[in-house]
Every structure is written in structure tokens, then in C-alpha cells.
Amino acid sequence: MDQDEHARRASSFGSQAAAYAEYRPDYPAELLAWALAPLRGCRTKLRVLDIGAGTGKLSAGLLAQDVDVVAVEPDPAMRAELTSRFPEVDAMPGSAEELPLPDSSVHAAFAGQALHWFDLDRALPEIRRVLRPGGFLVAMWNAYDDKVPWVAEFCAASGSVARSDQDIESDILDPLGRTEVIEFPNRIRRTVDSLVATVATQSDMLISTPEERDRTLAAVREYLLANPMTARGEFDVPIQTFAIRATPS
């Protein structure tokens, strides 16, 4: 992906903020508990940062872990969706490269489905700046589990990110310092219509021409309607959630 396409895809989500909030997967509670476990001995209530928070998918899960959440999101439409859904989150404009927080102000920083959009050379010093001593960064991604044959075929039809494509590349891992990498099983409940709507929120769909988008979504619908696993009513879509917990060096 060249830099121009990367920038277009990174900034594409605001046009579909409500659909993103409705259809994108949540994050497993077990994963968030694992992520926060090293901090649970802290004497004060945890304050964590959600960077590139979007519509609050990750913020919602963090709130359920009984922590205070401050969210930073550059896109005003995505941020408006977040604040309307989760008014208890302290949401503000900003980016990973320019965090609008004081030094040593959060116990941990999180990035859900977002780290690959960051300029790590600029973002990591900012993240280190706002972390309290002993703090860390947690990045996570949801990906379809293409070990399941029908899911692999669906990913081929839709261009969706699959588990086997979610290898965490060295250009992300290397700058992060000491890391732990883990994956958790997850699933989403969908119908043909709602899974097609989920595909429509992908960045590649959002920057496609209307003709390309319609062609891909029609192919996805055709596949799902022809597959006995997905053709009728609701069904489970297996996914995997990958996470990195890192102490930026």
C-alpha cells in the first residue's frame, strides 16, 4: 500500500461512522482483563487512553473493566458517534503523533484496530510521554478466522482481513520494545445483510469507486446466500482477536 492510499484509507471511516459503530466487532472481555492484569494492584483507579478510538468499540469494553477512559480520535464524525454513545468517556480531538494529554497522565495506552495507521516514529515517543512509570501500550486487532473453510472463502470474496493475513509484521513489533503477543477466540452474530454491511465498513470498500464497491458487495452476498452455513437467518462468524502488550523502549 503506498502512502497516498494509506492516508486515504486511514481517513475514510468518518463517512460511515454510524455503520462502523453498529457492525464492527467488539473486543473480548477476557482479552481486556488480560491486558489490564499487571495494573490491578494499583492503589488508585486506573486511567487508560484509547488512541484512534473511532466510535468507541474499545472504549466501551474498557469501561466495562471499571477503568476511567480518555479517548483521542482525529475524525470529528467518529468522535461525535463515540460521545453520543458513551458520554462518560473523556473524548478529545488529536492523534497518536500529537496526544493532547499531559506527561505521565495515564496508566496504559490502548489502540484497537488502529496501530497500523500510526507513524510509529512519532507516535511512540508521544505514548511514552503520557504513560506513567510502569505503564504500557496494548494494541489489538480483530480478524476473521480463516481456519474455518467457509470463512476463508468469504474472505476471498470480500477482501476481508483473515487470520492468516494478520501476522504482526516486524516493522510494527521491532519499535515497540519488550512485547507479549497473544490471541483470543471471538465470534460475531450476523445475518447475510449485516455481514455484508460489516464488509462495507472496511477501508478498502470506503475508498473504492461505487462500481467496485457494489461489485464486491454483490459477490459477497451471492456467496453467503449460496452457502448453507450462512444462507438462512443468523449465524456465528468465527474471528480471532490478536493483541500486543508492550513496554515501549
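The values are calculated or read from the model by the stated rules, or taken from the named source; none is laboratory data. None of these values were measured; they are calculated from a predicted model. Note that we place each Cβ from the backbone using ideal geometry, even for glycine, and neighbour counts take in every protein chain shown. These accessible areas exclude ligands, DNA and RNA; they are computed on the full protein's heavy atoms, side chains included. Shrake-Rupley method; radii C 1.70, N 1.55, O 1.52, S 1.80 Å.
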Worksheet item: Pairs under 6 Å by beta carbon, first residue at positive phi in region 55-82, partner open to solvent by 40 Å² or more (accessible area, probe 1.4 Å) and of a type in the set (Lys, Arg), six or more apart or different chains?
Response: Gly56/Arg85
Worksheet entry | Leu176, sole failed condition from (1) under 21 Å from Pro125 (Cβ atoms); (2) open to solvent by less than 20 Å² (accessible area, probe 1.4 Å); (3) hydrophobic (A, V, I, L, M, F, W, C); (4) within 17 Å of the chain's Cα centre (by Cα) | (4)
Worksheet item: Can you list the helices (runs of 4 or more DSSP H) found entirely within region 183-249 that contain at least 1 residues being of a type in the set (Asp, Glu) and modelled with pLDDT of 95 or more?
Response: 192-199, 210-226
Fill in: Per-region count, region 82-111, residues of a type in the set (Asp, Glu), open to solvent by 40 Å² or more (accessible area, probe 1.4 Å) and in contact with a helix residue (DSSP H, G or I) (Cβ under 9 Å, 6 or more places away or on another chain)
3
Worksheet item: So how many residues does region 113-133 have that are outside any helix (DSSP H, G or I), closer than 24 Å to Pro25 by Cβ and open to solvent by 10 Å² or more (accessible area, probe 1.4 Å)?
Response: 2
Response to the item:
For region 33-53 the number of residues that are open to solvent by less than 30 Å² (accessible area, probe 1.4 Å) and over 13 Å from the mean Cα position of the chain (by Cα) is 6
Worksheet item: Applying the selection to region 221-244, what residues are closer than 24 Å to Ala29 by Cα, in contact with a Ser or Thr (Cβ under 7 Å, 6 or more places away or on another chain) and open to solvent by 20 Å² or more (accessible area, probe 1.4 Å)?
Response: Glu234
Worksheet item: Which of (1) in contact with a helix residue (DSSP H, G or I) (Cβ under 6 Å, 6 or more places away or on another chain); (2) within 30 Å of Arg128 (Cβ to Cβ) does Leu224 not meet, given it meets every other one?
Response: (2)
Worksheet item: Does any residue in region 196-215 that is of a type in the set (D, E, K, R) come within less than 8 Å, Cβ to Cβ, of a residue that is assigned to a loop (DSSP other than H, G, I, E, B) and buried (at least 18 other Cβ atoms within 10 Å of the Cβ) six or more places away or on a different chain, and which pairs are these?
Response: Arg213/Ala200
Worksheet item: Any idea how many residues of region 91-112 are more than 26 Å from Phe242 (Cα to Cα) and assigned to a strand (DSSP E or B)?
Response: 1
